[in-house]
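First the structure, in the form of structure tokens, and then the observations on it.
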Amino acid sequence: IDDLATEGVAGKRIFVRADLNVPLDGTTITDDGRIRAVQPTIAKLAALGAKVIVASHLGRPKGAPDPAFSLAPAARRLGELLGQDVAFATDTVGESAQAVVASLADGQVAVLENLRFNAGETSKDDAERGAFADQLAALAELYVGDGFGAVHRKHASVYDLPKRLPHAAGGLIATEVGVLKKLTEDVKRPYVVVLGGAKVSDKLAVIDQLLEKADRILVGGGMAYTFLKAKGHEVGISLLQEDQVPVCLRYLAEAEKRGVEFVLPVDVLVSPEFPDLKGKTPANPTTVASDAIPADQEGLDIGPKTRELYAAKLADAGTVFWNGPMGVFEHPDFANGTKAVAQGLLDSPAFTVVGGGDSAAAVRLLGFDENAFGHISTGGGASLEYLEGKTLPGLAALED
Ligand code: 3PG
């Protein structure tokens, strides 16, 4: 983007692929971190006199318009943050988008409707994706990729479009890659990785890579139960990915062989049912040892002994990477595990990186000062896949 700035972009139509995939409660944005993270790139291009066309996905609509996944609230919030009117196109490449783009004056910003309302965006078929990318390319003269959270997706706007337009990386991508690259190179030890969240199989793959780098891996959240099962414990009705049990067993053995400390919860909070996240009705959970989860109960957070244990394991860390909450932090009865890990990061002398939409949102929603952490990544899957050493389509396309 600095090169573009030097070349001059005044009057140019620039397509900015952002990740405005923010959590919504109806039409209310509950965490605007991703919008704030990309706002400087958009502000910079607008200040240089470009006509800025911002595009993103939101959620996972099924390739057709669906009002529940509209980007209109995100466009409004972007306008507030920029302190200027932001036009909104009610489609992505249709009449509305074309009219909005044609009406942009130098320095003005428009947001297009959700890219995933078009089946071509996420299609596995190269020709279908390419056809959609052609339509997007017709809207702009230059492309700036700055949706770090989506760079692991081989989608039309992420992968195919930069092949069709002169392109550059935005400031957010540059920062994210700079920080994550450090974690794959020289890290200050002990290097402690905390993994949680519910997407078990998505997260398991990164452990392979982390076993070569990390000194200690602490596991919590939904993925812990598959590991507890692998250790021979019953997990009641907790989240379990039975088919991943052999993979977990292999990782536990590999960790032992390599001398990596692999730490699982020693106690958990259980409840007979998933908590009420809307009304936040008290759930009155019970604390049980992690090898004694009753058959009719679901583990929903790490317990008090585990909180202490994980805080102690973080206390002397040199570097920490944390991805995924320790429990259902959206409900106050199950937020203490995630709070304890966030506090553990802050209390340690380590360089701390929080990766993942959910953990980043948790940190902010639980009232922590985001600036107190070393880096809060806007990428969940993207940061994990980067650390796995995978080629990320959205980065590869920009380097090309
Ligand atoms: C995310 O939330 O991790 C990114 O916005 C990517 O979303 P996706 O997993 O639906 O592709």
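We did not get these values from a lab; they are worked out from the coordinates using the rules stated. Keep in mind that what you see is a predicted model, and the values were worked out from it rather than measured. When we count neighbours, we look across all protein chains shown, and the Cβ atoms used for this are built from the backbone with ideal geometry, even at glycine.
Numbers below:
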| item | result |
| --- | --- |
| Summed residue charge, Cβ within 13 Å of A137's Cβ, Lys/Arg positive, Asp/Glu negative | +2 |
| Radius of gyration and Dmax over the Cα atoms of the range 60-169, both given in Å | 13.6, 40 |
| Degrees, to the nearest 10: 336-347 long Cα axis against longest axis of the chain | 80 |
| Antiparallel DSSP beta bridges within the chain, as percent of all bridges there, nearest 5 | 20 |
| Formal net charge of residues neighbouring Y225 (Cβ-Cβ distance under 11 Å; K, R +1; D, E -1) | -1 |
| Tensor-based shape of the range 210-366 (alpha-carbon gyration tensor, a/c under 1.5 rounded, otherwise prolate or oblate) | oblate |
| Enclosed volume per residue, in Å³, of the convex hull spanned by Cα atoms of the chain | 137 |
| Selection from L139, H167, A119 lying farthest towards where the dipole of the chain points positive, charges on Cβ | H167 |
| Pairwise label distance in nanometres, F274 with K62, each label 7 Å out on the Cα-Cβ vector | 1.9 |
| Magnitude of the charge dipole, the range 94-134, Cβ model with Lys/Arg +1 and Asp/Glu -1, debye to 20 | 120 |
| Angle between the chain longest axis and helix 171-184 axis [Cα atoms, degrees, rounded to 10] | 30 |
